[in-house]
Amino acid sequence: MISTLDSNPPGTAPETLECGIRAFGVIQAHPAMISALRKNPAPAGDPAAMVSSLKYADDQTVVSLAAELRAIHDWGLEQQTFTDWGVVAAPSFLGRATVAAAFKRFRRQGALGVSPLIIPYLSQHAVAGTISLPLGIHGPNLGVAGGWGSMVEALLTALTLQRDQHLPGVWVVFSQWNQEPVPRSDGAATEESICTAVSLALLPADSAWQGLRLRFVPAEPAGAAEPGADIAGLAEFLANHADSNRPQTWSCPLSWNGRLELTSRPAILARAA
């Protein structure tokens, strides 16, 4: 059983939760790029990912897996064993265009016009399950949220999972379209839509941890999310944080008195060789 952040005894304050970020990957892709990633989501030059088929996978699943493989490639984790790790995935409005098209076929052709593969490939757990396959993960994998606020739900769930299950690591990935794709008459999505996925490898972190940190800080004044407190803003922070000579912080106020923070110390953020 995975406890939640409100499981503290009555009258006690929530605890601060913290993990180190061992690696991260960011992918931003328009529909034509996603078609290429569907054939091989691994970075150029890497062996093809051992995924049986991404033919029926949702676009967000494909981009999320590509972000995961990008993190592994960029941070030199190809020899890392992930067997006992966990996976938390939070797509945003997964499969809406596909389901809309399926409803149209159902009205025209009845049940025989709709593939039963919609159920396993577009369920909320499909992204996490797909990611676990090429990485050989046998730890807990689950899908969370599903709509607005998916990123926050994913980060909080990953922090809680790491704390309660004492895992060697947790992959957390979240994704969304910056403009909801509207299929053309031929079923293809418009090229103006961009799908962004961010993947983070979380590890237990003590006071000696010398890299990026993810923290849940309780008892902070509630307020509206700050500019950049979304997937696109977090992706920009991750891309630019090491370019400064000063420590940097990305923060996201929560509506129930707390904050999520990513903090960096650029001078010691050396990637694995």
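Before moving on, here are some points about what is shown:
- Three-way shape label, the stretch 98-138, alpha-carbon gyration tensor, a/c 1.5: prolate
- Residues whose amide H lies under 5 Å from that of Leu17, counting only those 5 or more places away or on a different chain, are Phe216; hydrogens are built 1.01 Å from N in the peptide plane.
- Separation between Cα centres of the stretch 150-171 and the stretch 109-135, rounded to whole Å: 24 Å
- Cα shape, the stretch 63-177, gyration tensor, a/c 1.5 rule: prolate
- Anisotropy class of the stretch 119-176 from Cα gyration tensor, a/c 1.5 cut: oblate
- Accessible area per residue for the stretch 78-126 is 61 Å², calculated with a 1.4 Å probe on protein heavy atoms, without ligands, DNA or RNA.
- Ligands, DNA and RNA left out, the accessible area of the stretch 6-151 computed with a 1.4 Å probe is 57% carbon and sulfur.
- Sorted on the mean count of surrounding Cβ atoms within 10 Å across their residues, most packed first, peptides 251-259, 137-145 read 137-145, 251-259.
- Computed from backbone phi, the HN-Hα couplings of the stretch 85-101 come to 6, x, 10, 10, 10, 9, x, 10, 6, 4, x, 5, 5, 5, 5, 4, 5 Hz, rounded to whole numbers (Karplus: 6.51 cos²θ - 1.76 cosθ + 1.60, θ = phi - 60°; Gly and Pro given as x).
The values are calculated or read from the model by the stated rules, or taken from the named source; none is laboratory data. Computed from a prediction, not measured in an experiment: that's the story for all the values here. With ideal geometry, Cβ positions are generated from the backbone for all residues, glycine too; neighbour counts draw on all protein chains shown. Remember, those area values only see protein heavy atoms, side chains included, never the ligands or the DNA or RNA. Shrake-Rupley method; radii C 1.70, N 1.55, O 1.52, S 1.80 Å.
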